[in-house]
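Single-structure report; data block below.
The values are calculated or read from the model by the stated rules, or taken from the named source; none is laboratory data. This one's a predicted model, so the numbers in the text were calculated from it and none came from an experiment. Here the Cβ positions follow ideal geometry from the backbone for every residue, glycine too, while neighbour counts run over all protein chains shown.
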Amino acid sequence: MTSLITMDQSLFLWINGSLSRHWLDPVMEAATSLGNGFYLFPLGLLMMALFGRKNFRRDFILWASTSFISFIIGTILKHLVHRNRPLAAFHDGIADHQISVHVLGPSLYANSFPSGHTFTVFSTASLFAGLYPGLALPLYALASLTGLSRIYVGAHFPLDVLGGVAIGLLSTAIVRRAILPRVKNGLPPPSDPKAIP
């Protein structure tokens, strides 16, 4: 476990330090904002209005469900694991000027695992990728960029991001298995090849 944490910290320092560029900062700040519900919610509504108007009610119920499940799982894990964020983990090295962490946005110190921005955006991306398969590639690309941005801005370690990815995918899997069959209105006919498997 210790070696895994050490590897995780080393990978964080490499990604956070090697990628940092002035011109990339606004791109990563925009990407990290996608994991914030304040920005993600209207974007999700717009996507449903454009691509799922006929099944808007169904899609909204599914989206709300996967978002709620990922939030509950992620919040419980945050308080159970209670991992220090990079600024806290490297505090001594930063104070001694031996370690430099590129930070954009607020300085955060506690509850690092899992990444909330990542499980938020991946629960949405994975659900919408199933609902609108033609958008799967850009959805997962944007979600992955959001996860990477959490390392770039100095807020999370790579394992925190991977944990967020897993929670987002798991929450959507739960919704597909347990909630989708119960949502009647707006569902495509069973013979419709576009229906979610």
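The table below lists the values:
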read-out: Inter-residue pairs, beta-carbon under 8 Å, first more than 15 Å from L170 (Cβ to Cβ) and in the range 52-70, second crowded, with 16+ Cβ neighbours inside 10 Å and of a type in the set (S, T, N, Q), 6+ apart; value: W63/T124
read-out: In the range 90-104, the residues that are over 26 Å from L34 (Cα atoms) and surrounded by 15 or more Cβ atoms within 10 Å (Cβ to Cβ); value: F90, I94, I99
read-out: Number of the condition not met by S191 [criteria: (1) hydroxyl-bearing (S, T, Y); (2) surrounded by 20 or more Cβ atoms within 10 Å (Cβ to Cβ); (3) modelled with pLDDT under 95]; value: (2)
read-out: Among residues of the range 16-42, those that are part of a helix (DSSP H, G or I) and surrounded by 12 or more Cβ atoms within 10 Å (Cβ to Cβ), counted; value: 15
read-out: Those residues of the range 105-126 which are of a type in the set (A, V, I, L, M), farther than 15 Å from G35 by Cα and surrounded by 13 or more Cβ atoms within 10 Å (Cβ to Cβ), in sequence order; value: L108
read-out: The lone exception for G105 - which of (1) within 28 Å of W14 (Cα to Cα); (2) small (G, A, S); (3) modelled with pLDDT of 95 or more it fails; value: (3)
read-out: Residues of the range 135-187 classified as in contact (Cβ under 8 Å) with a residue 12 or more places away in the chain, surrounded by fewer than 20 Cβ atoms within 10 Å (Cβ to Cβ) and either of a type in the set (F, W, Y) or not in a helix (DSSP H, G or I) (or both), total; value: 5
read-out: Exclusive hit being in contact (Cβ under 8 Å) with a residue 40 or more places away in the chain and not aromatic (F, W, Y), set I99, I94; value: I99
read-out: When residues of the range 165-188 are limited to those that are charged (D, E, K, R) and either in contact with a Ser or Thr (Cβ under 9 Å, 6 or more places away or on another chain) or at pLDDT 90 or above (or both), the one nearest to N55 (Cα to Cα); value: R176
